[in-house]
Amino acid sequence: MDEEQVVKFVETYLKKKGFKQAELAFHEEVQKNSNANSIKIHSDPDLSNLILSLSKSGDDPGQYHEEYGKLRTWTFNSLDLYKHELLRVLYPVFIHCYMDLVAKGHIQDARAFFNTFREDHEMLHARDLQKLEGVLSPSHIQLFFRRWNLLILLGRAKSTSRCVRSLISNFLSNYQYSHELLMQHLRKTKSTTVLGIVNERINFQVSPGQPGSISDDAEVVTLIGTSQDAANKINKKEVHWGLLEDTLEDRLEKAGGLQSDTEKPEGETKDGEIDDNKKRLAEGGKQGTSVKKSKKDKPTGGSAKARAETIVVPAAPRVKPELPLPVMPAEVEQSILEDLRNRVQLSSTSLPSVSMYTFINTHNSLNCSSISNDGSLVAGGFSDSSLKVWDMAKLGQQASSSTPQAEIDASVEHIQGPNGSKRSYTLLQGHSGPVYSATFSPLSDFILSSSADTTVRLWSTKLNANLVCYKGHNYPVWDVQFSPFGHYFASASHDRTARIWSMDRIQPLRIMAGHLSDVDCVQWHANCNYIATGSSDKTVRLWDVQSGECVRIFIGHRSMILSLAMSPDGRYMASGDEDGTIMMWDLSSGRCVSPLMGHNSCVWTLAFSCEGSLMASGSADSTVKLWDVTSSTKGTTKTDEGKTGNTTGKLRSLKTLPTKSTPVYSLKFSRRNLLFAAGVLSKNV
Amino acid sequence: MSIVPKETIEVIAQSIGISNLSSDAALALAPDVEYRLREIIQESIKSMRHSRRTTITADDVDAALTLRNVEPVYGFASGGPLRFKRAIGHKDLFYIDDKDVDFKDVIEAPLPKAPLDASLVCHWLAIDGVQPAIPENAPLQVIAPPSEGKNFEPKNELLPVDIKLPVKHVLSRELQLYFDKITELTLRRSDSPLFKQALVSLATDSGLHPLVPYFICFIKDEVSRGLQDFSLLFALMRVVSSLLQNRHINIQLYLHDLMPSVVTCLVARRLGNRLADNHWELRNYTANLVASICKRFGHVYNELQTRVTKTLINALLDPKKSLTQHYGAIQGLAALGSNVVRLLLLSNLEPYMRLLEPDMLLEKQKNEMKRHEAWRVYGALLVNCLLTMNDPVLC
């Protein structure tokens, strides 16, 4: 390459960038040194061509089209061994090309480019493409990333679109050879624009070795806000997923195992709650008869259950609660123990009974429903800001006899409607916007509801009145959930935060910020030390309640997360999304155990059975599906001690229960493993 | 470029009182309008999802607008679906038909019925994993009848051939369907591969026994009616053959009905109405069929074979019968075994040859067709007699 060429490059470059003074200075410099051949440059013809094309490549919009097309055909024709890896590069390159075109103002070309190649990505990224399609002017790009966070968070970078886009780096792990292949190809075909994109904005994690199989890296393409490294780092933090010490199940087991009247020994002292202990001892005296009774039917039920539990329970390590937990009243505890004794053991061969609550005449205004632990109370949140609570026990009474009802009506005026006609439900009014979520406290004495009016309200089911209004969120509160032990609750909102509250404070205790879009659902871990949140940014995060830190990011969903459930042994979490995919996650490793395909519409609700062997899912496609959990977890509990999850097991769909055009809004397993389902009869589904 | 055309922007501008909007401005606004629209709809989708719906409503759009601190669009919350009307004179302009309502009418109108209040009903969706068949549950899916290969096609056309089935006992729907399909295939498309599968099905499937009388009746009717139709006859004989092969069918009860039809196909004067029809082949096929029937059921019905041979020998020795009939008789007799050939054919060979010889000679028999037939018969005789004479067991 001779000197003249170099001078030309530099000139064109300076001209292009508009550095006039520098250009003049350069000219002078060149004229001065005209006879001295002092400039040494590389003599690689390839490189010179490359530089030449670089200096030429200006605002030619056709170039993007052409080069991307070339890359695409090359990728599709590549060897199968490398193909799926190379294919992964296409999507980010596609997005960047489109954004570049838009940013440079070639709107028409951008559209043409988009429409030509969108089909390739339609299957995996349909929703993103829909959002992206609307971006039609440079100013939109900035807006787009501030609002939608399609690809990744760019939260803090707002200055210019250029700056914003430079942050869009995509994280792809590629194996060395595939990566080299790609680079070689790009250089050979002189696809400078694409090469620029790949070099500048796409961040490869090149790892040596053979290309992986297609299946094991489904999550890699997902784009997240923080870098993949950060996500990996977060996922390396330790999660104590074990159950709390001394749970009721343990007590039951002990009672069953010891078979003695002095059944409240060692374990109690750990609590250090002497009051509680005393109470229980007194209770123990009273309950002497019932204990004897229960001994009689032990051979039939109790021992078998205890045995079954010994299979499941020891797998879970024990942890201490990090929150001061409320004390459970003794009589409640007794009733729970009674429930546990009578629990039906579920497995793939013995499926649960399902009781279906169907809302009728809601005129499309029911937004959510919730079922109390024992299934006797059902709450519905309506878009007319009201919360209605049905007492199923009373509903039965009304049907059988109407006269004694008058006395009850007199005591509870809420049942009486304004015009004297009887209502079958308790009407709770207080919100000023659609109610999006409701949850019962574990003892069914409180209800929490969240609404578009940005508040969460606490209602008493005994007084039928509003007790507290929790203000804190700035946007609609999508979801609220009581903790498994009551007193604490978590809320999720459009303001991209999840918050932890306690019933006795009107300010939140913790604010979990980090999601890149709306937090759509929230769920407590069985041991109360963690909460999980699902978001429109297609990730699920696990947060430490005590520290407020994010301890896990689960990447893999392809659309908005709608429902979450935690397994009772605390080890697994299930999440359901808008497309009907359910994913089962291992909390300790942060990996997906297995994706469950089956539903073809939104999964509104998920529930684990009490001993964790089955999972139920309810969907907008008007079905309840039962899934076998043990088939996948068996391998892990045997090898145990397990950070090394045996992820080969696939969850089986055991049964599909279709409803009569009733999308299933909520599911709940009672303590005795009866499954309750609730939904709205809708004619036009 | 943008899905919102420039003209729309101009119309909107006019409607809010901006009459002098330049076309450049409209062009620049169009993509932005599209972007904002998409944004609002995306936000509405969130609201829709949290209301547990799968269709977007005006409320959702209002909610999205509120989130953006934009005044909601009032007046679209209730009522039926909005209908757009095309503006007269404009190709791409639509508007919502918004009628003027007289206040008086509204006030004087009787109050509408109060909508029913929301309520909750309870039922068992499943008991121990099994769905009870109650009206509240979705109807159980009907188990599809076991398909016979791919014989069944979804089309459900009626048979053109009117078969009056004297249905005295209940025939299941599946069997009726099966019968209809088989008969249709036999009548219409006996050359299709589907028919071959049907034959296999007939020969192997169990549970066809209730259909046997119908099949026999069908064959009887069709043979008597369709002697002109060579392919039909052949198809019918194949059906018979398949039925005979089926081990699950006790066909001997119906032999008395079946035999006449089969023998007809062997010794009928004319089978098919075209020269091209290879009725010789049909006769050969039927001959074997008859022989197999006699072999299989001969010990049950003593007089079965004697009656068959009697019929055949009568046909053979009757000089008035045509040569084709003679051929069928010869083949039928030959198929019954060397014993029959020796006893009946060889003994009658001499008088019969005398009868046949004139027809074979060119100068005596002018009819080319007749001569051909005669040679055919001669060939059959020759082959069979030679075979019998060479049989070491008998000679």
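Has segment B:22-42 got at least one residue that is touching a His at 6+ places or on another chain (Cβ under 9 Å), over 30 Å from residue A:536 (Cβ atoms) and surrounded by fewer than 20 Cβ atoms within 10 Å (Cβ to Cβ)?
Looking through segment B:22-42, none of the residues is touching a His at 6+ places or on another chain (Cβ under 9 Å), over 30 Å from residue A:536 (Cβ atoms) and surrounded by fewer than 20 Cβ atoms within 10 Å (Cβ to Cβ).
Within segment B:123-148, restricting attention to residues that are modelled with pLDDT under 55 and surrounded by 12 or more Cβ atoms within 10 Å (Cβ to Cβ), which residue is nearest to the other protein chains (Cβ to nearest Cβ)?
B:145
Among the numbered criteria (1) over 26 Å from residue B:256 (Cβ atoms); (2) modelled with pLDDT of 80 or more; (3) buried (at least 16 other Cβ atoms within 10 Å of the Cβ), which single criterion is violated by residue B:356?
Of everything listed in (1) over 26 Å from residue B:256 (Cβ atoms); (2) modelled with pLDDT of 80 or more; (3) buried (at least 16 other Cβ atoms within 10 Å of the Cβ), residue B:356 misses just condition (2).
If you take the residues in segment A:342-364 that are without any contact (Cβ under 8 Å) to a residue 12 or more places away in the chain and of a type in the set (S, T, N, Q), which one is nearest to the other protein chains (Cβ to nearest Cβ)?
Among them, the one singled out is A:361.
Would you mind telling me which numbered condition in (1) within 51 Å of the chain's Cα centre (by Cα); (2) over 26 Å from residue A:678 (Cβ atoms); (3) within 10 Å of another protein chain (Cβ to nearest Cβ) residue B:83 fails?
All conditions are met except number (3).
Please verify whether residue B:16 is away from chain A (no Cβ under 14 Å), β-branched (Val, Ile, Thr), surrounded by fewer than 20 Cβ atoms within 10 Å (Cβ to Cβ) and farther than 27 Å from residue A:535 by Cβ, treating the condition exactly as stated.
yes
Determine which single condition residue B:100 fails, assuming it passes every other condition in (1) within 53 Å of the chain's Cα centre (by Cα); (2) modelled with pLDDT under 90.
For residue B:100, the exception is condition (1).
Name every residue in segment B:45-59 that is within 17 Å of residue A:131 (Cβ to Cβ) and buried (at least 17 other Cβ atoms within 10 Å of the Cβ), in order of residue number.
B:45, B:46, B:47, B:48, B:49
Any residue in segment B:1-12 that is free of Cβ contacts under 8 Å to residues at least 24 places away in the same chain, over 30 Å from residue A:534 (Cα atoms) and more than 10 Å from chain A (Cβ to nearest Cβ)?
yes
Of (1) more than 38 Å from the chain's Cα centre (by Cα); (2) farther than 26 Å from residue B:225 by Cα; (3) in contact (Cβ under 8 Å) with a residue 12 or more places away in the chain, residue B:316 satisfies all except one. Which?
Condition not satisfied by residue B:316: (2).
Would you mind finding the one in B:256, B:248 that is without any contact (Cβ under 8 Å) to a residue 24 or more places away in the chain and surrounded by fewer than 19 Cβ atoms within 10 Å (Cβ to Cβ)?
The match here is B:256.
Looking only at strands (runs of 3 or more DSSP E) that fall completely inside segment A:514-569, which ones have 1 or more residues that are away from chain B (no Cβ under 14 Å), closer than 23 Å to residue A:368 by Cα and modelled with pLDDT of 90 or more?
A:519-524, A:530-535, A:539-544, A:561-566
Hey, among the residues in segment B:32-59 that are within 47 Å of the chain's Cα centre (by Cα) and at pLDDT below 90, which one's nearest to the other protein chains (Cβ to nearest Cβ)?
Only one residue fits best here, namely B:54.
Quick check, is residue A:367 more than 10 Å from chain B (Cβ to nearest Cβ) and in contact with a strand residue (DSSP E or B) (Cβ under 7 Å, 6 or more places away or on another chain)?
no
Taking segment A:583-616, which residues are aliphatic (A, V, I, L, M), in a strand (DSSP E or B) and under 24 Å from residue A:240 (Cα atoms)?
A:583, A:584, A:593, A:606, A:607, A:614, A:615
What number of residues within segment A:589-628 satisfy the criterion of being modelled with pLDDT under 90, crowded, with 22+ Cβ neighbours inside 10 Å and polar (S, T, N, Q)?
Of the residues in that region, 1 qualify.
What number of residues in segment B:185-195 are surrounded by 15 or more Cβ atoms within 10 Å (Cβ to Cβ) and of a type outside the set (Phe, Trp, Tyr)?
Selection size over segment B:185-195: 6.
Is there a residue being farther than 30 Å from residue B:298 by Cα and crowded, with 17+ Cβ neighbours inside 10 Å anywhere in segment B:341-348?
Within segment B:341-348 (the criterion being farther than 30 Å from residue B:298 by Cα and crowded, with 17+ Cβ neighbours inside 10 Å), the answer is no, since none of the residues qualifies.
The values are calculated or read from the model by the stated rules, or taken from the named source; none is laboratory data. In this text, all values refer to a predicted model and were calculated from it rather than measured experimentally. Glycine also receives a Cβ, built like all others from the backbone with ideal geometry; neighbour counts cover every protein chain displayed.
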